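Enquirer: The structure that follows is given in the form of structure tokens.
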Amino acid sequence: MLLDRDGTLVEDVPYNGDPEKVRPLPGVRAGLDRLRAAGLRLGVVSNQSGLARGFFTDAQMRAVQARVEALLGPFDTWRVCPHEDADGCGCRKPLPGLVHAAAADVGTVAGRCVVVGDIGRDVAAALAAGAAGVLVPTPVTRPEEVAAAPWVAADFPAAVAEILRRQTAVVPATDPWPGRRGGSGSRVGTVLVVRSDSAGDVLVTGPAIRAVAHTADRVVLLCGPRGRAAANLLPGVDEVITHALPWIDPTPDPVDAADMHALTARLAALDVDEALIFTSFHQSPLPLALLLRMAGVARIAAISDDYPGSLLDIRHRVPTGVPEPERALSLAAAAGHGLPPHDQPTLRLRGDAVPSPPAQLGPPGYVVLHPGSSVPSRACPPEVAVRIARALVDAGHRVVVTGTPDERDLTAAVAGSGALDLGGRTGLGELAGVVAHAGAVVVGNTGPAHLAAAFGVPVVSLFAPTVPFGQWGPYRVPTVRLGDATAPCRDTRAATCPVPGHPCLADIDPADVVAALRLLGVHQDAAPTGTTGADAAGAAVTATGGSAR
Ligand SMILES: [Zn+2]
């Protein structure tokens, strides 16, 4: 847990060098003590440009810190940036330097940290480091910073409560199934896991599927046709079956009785011991639960806000805003499945399913620009993508433009003469190989963002706010969010932008994309520095295939 100081722990007194002026904010001491009692290590990450400006001395700053600890209890580390913006340091938030340093101080990495702060810079530094960021706004926090934050808490005690709730939610239940004999911790035979929409949805369910694989002898994944390629990339899956579910598909075929009977018979033939139905928050698991019951499945778990009657044995509930990978992992936990201790809940792919990129791409460190999206509202306007590509090339980056066969015209236009056009030349596995060796990926809220997360490759996320960023943003990977989070399409889930001119993404300044790469430590024609480079990405690929546990 890394905490901003001024405006988060204590009242913000500008350039304070006087211990007498330290005033803890309400509920902070009790909240910190809850975190300490839960075994979490605490650090402070604080911009103190007053040092560079000569408004107070180092000794005065240390006196203030001592006063903070006297009032709020001890912290395991303090990391302070003494610079101002013009100094060009690597530590002043929103740069991620303080977060990386404080994480290292307490023996961990940024991806396992939560950063709490009161302004956009705190959250941006958290995301740029690959940490989770919680914004606790004050009356002076700018509304657009609140809108852009992945996670907003009303006050410090609320932030603490939700942090601890999310931590507890992924701990496996000890006696999950009502009426089941055998008790806790026992292995199960075959488990059916279901994720029936697009590639990105399947990818973010990966940690939950690995948790199931840890305690099951055999994992069968039921996915839809659009998720099939992603399903083949996931560790822990022994068998994939594909069937479109008309209550999930955005452009569904009519329900065909014979087809549903055939699916039910196929599910019955699997002879599974239990089934976990993973869904997005606006999808219902209940139609499939009915078919599974008709197929004789005795134990079914799903997240359902709708009353399930006897269709579910475990009806799990999750508040909105939880990242999709954690949301899915919490369902697995409710059914008694947890990741093994050595396996972090990050996205991960099977190493044997990801080929090396084409030789023409040259050495690692290029920037992948993926301008399209299967959902039109999540792609930036083509002319914006063209200008982004040009700006990246002009800034000295090697740019690779990727897209599906349907997007060939788009990728050719975006690549122009300065970038390499791979449009239509990569299936999802090949695209993963290209992404794995990238220095960064510039992409909307669509599948390749999650591929990048799986390799620890930094993401410049051109994020349309039609769905919550906190749920769908790149997970636990260094990220900069661009786009207007306050646009009127916010939270509409619209597949096609309902606002003329697509303002949420049309107004992105290509110079901001170039600046975002600098913030992420991605330099021209070189792999990123720090902890998230291409070598680390390569190491994140699992060495073994789907049968590995
Ligand atoms: Zn600094």
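Enquirer: Report the charge-dipole magnitude of the chain in Debye, nearest 20, computed about the Cα centre from +1 at each Lys and Arg Cβ and -1 at each Asp and Glu Cβ.
Expert: Working: 46 positive and 54 negative charges, 208 e Å.
With only Lys, Arg, Asp and Glu charged at Cβ, the dipole is about 1000 debye.
Enquirer: As I understand it, the dipole of the stretch 377-518 uses +1 on the Cβ of Lys and Arg and -1 on the Cβ of Asp and Glu, about the Cα centre. Which of A449, V400, A415 lies farthest toward its positive end?
Expert: After comparing all options, I get A449.
Enquirer: When only the heavy atoms of the protein chains count and the probe is 1.4 Å, how do H282, H83 rank by accessible area, highest first? Intermediate results must be reported in sequence, preceding the final value.
Expert: On the way: H282 90, H83 60 Å².
These residues rank, largest area first, as H282, H83.
Enquirer: Where in the stretch 1-28 does the label zone of R142 land, with the point 7 angstrom along Cα→C-beta and an amide N cut-off under 20 Å?
Expert: Residues 4-8, 12-15 fall inside that zone.
Enquirer: Moving on. Given the C-alpha centroids of the stretch 1-61 and the stretch 297-325, what is the distance between them in whole angstrom?
Expert: Spelled out, the Cα-based centre of one part sits 40 Å from the other.
Enquirer: Still on this structure, I have one more. Which listed residue (G338, P325, A353) has the Cα farthest towards the positive end of the charge dipole for the stretch 312-358, taking +1 on Lys and Arg C-beta and -1 on Asp and Glu C-beta about the Cα centre?
Expert: Of the candidates, P325 comes out farthest on the positive side.
Enquirer: Still on this structure, I have one more. What is the packing order of peptides 466-478, 252-264, taking the mean over residues of other C-beta atoms within 10 Å and listing the highest first? It would help to have the intermediate numbers written out before the result.
Expert: Values: 466-478: 24.1, 252-264: 11.9.
Per-residue Cβ counts within 10 Å, averaged per peptide and sorted highest first, yield 466-478, 252-264.
Enquirer: To the nearest 10 Å², what's L520's accessible area with a 1.4 Å probe?
Expert: My reading of the accessible area for L520 is about 10 Å².
Enquirer: Treating only the Cβ atoms of Lys and Arg (+1) and Asp and Glu (-1) as charged, compute the dipole magnitude of the stretch 127-267 about its Cα centre; round to the nearest 20 debye.
Expert: Numbers: 12 positive and 14 negative charges, 107 e Å.
It comes to approximately 520 debye.
Enquirer: Could you tell me which of A269, Y366, P225 has its Cα farthest along the dipole of the chain towards the positive end, charges placed at Cβ (Lys, Arg +1; Asp, Glu -1), taken about the Cα centre?
Expert: A269
Enquirer: What does the accessible area per residue of the chain come to in Å², with a 1.4 Å probe and no ligands, DNA or RNA counted?
Expert: On the way: 21380 Å² over 549 residues.
It amounts to 39 Å² per residue over the chain.
Enquirer: Just reorder S356, S284 by solvent-accessible area, largest first, 1.4 Å probe, all chains present. Each step should come with its number before you reach the end.
Expert: Working: S356 100, S284 40 Å².
Largest to smallest exposure gives the sequence S356, S284.
Enquirer: Not counting ligands, DNA or RNA, and with a 1.4 Å probe, what is D12's accessible surface area in Å² rounded to the nearest 10?
Expert: 100 Å²
Enquirer: Using R₀ = 51 Å, calculate the FRET efficiency as 1/(1 + (r/R₀)^6) where r is the Cβ-Cβ separation of D33 and D509; round to 0.05. Working shown, then result.
Expert: Working: r = 44 Å, r/R0 = 0.87.
Computed FRET efficiency for D33 and D509 comes out at 0.70.
Enquirer: Provide the gained length on full extension for the span T486 to A52, in nm with one decimal, where the gain is 0.36 nm per separating residue minus the Cα-Cα distance. Don't jump to the answer; show the numbers that get you there.
Expert: Numbers: separation 434, 0.36 × 434 = 156.24 nm, distance 3.43 nm.
Difference between extended and current length: 152.8 nm.
Enquirer: Ok, one more. Quick check: with the 1.4 Å probe, what order do E20, E407, E69 take by accessible area, largest first? Don't jump to the answer; show the numbers that get you there.
Expert: Working: E20 130, E407 30, E69 60 Å².
Ranked list, largest accessible area first: E20, E69, E407.
Enquirer: With a 1.4 Å probe and every protein chain kept in, tell me what percent of the accessible surface of the chain is carbon plus sulfur.
Expert: Numbers: 11420 of 21380 Å².
Carbon with sulfur: 53 percent of the solvent-accessible area.
Enquirer: Right, here's the next one. Excluding ligands and nucleic acids, what accessible area in Å² is computed for E162 using a 1.4 Å probe, to the nearest 10?
Expert: 40 Å²
Enquirer: Please give the length that would be gained between E239 and T251 if that part of the chain were fully extended, namely 0.36 nm times their separation in residues minus their C-alpha to C-alpha distance (nm, one decimal).
Expert: On the way: separation 12, 0.36 × 12 = 4.32 nm, distance 2.62 nm.
Additional length available on full extension: 1.7 nm.
Enquirer: Rounded to whole Å and sorted largest first, what semi-axes of the equivalent ellipsoid does the C-alpha gyration tensor of the chain yield via the square root of 5 times each eigenvalue? Don't skip to the end; give the middle numbers.
Expert: Details: eigenvalues 301, 182, 83 Å².
The answer is 39, 30, 20 Å, longest axis first.
Enquirer: Round to the nearest 10 and give me the degree value, 0 to 90, for the angle of helix 120-129's Cα axis relative to the longest principal axis of the chain.
Expert: Taking the Cα atoms of the chain, the angle to 120-129 is about 60 degrees.
Enquirer: How high is the relative contact order of the stretch 410-533, in percent, counting Cα pairs under 8 Å that sit 6 or more residues apart?
Expert: Values: 175 pairs, mean separation 25.0, N = 124.
The normalised contact order for the stretch 410-533 reaches 20 percent.
The values are calculated or read from the model by the stated rules, or taken from the named source; none is laboratory data. Treat the numbers as computed from the prediction; the structure is a model and nothing was measured. Backbone-built Cβ (ideal geometry, glycine too); neighbour counts: all protein chains shown. What goes into the accessible areas is simple: the full protein's heavy atoms, side chains included, and nothing from ligands, DNA or RNA. Shrake-Rupley method; radii C 1.70, N 1.55, O 1.52, S 1.80 Å.
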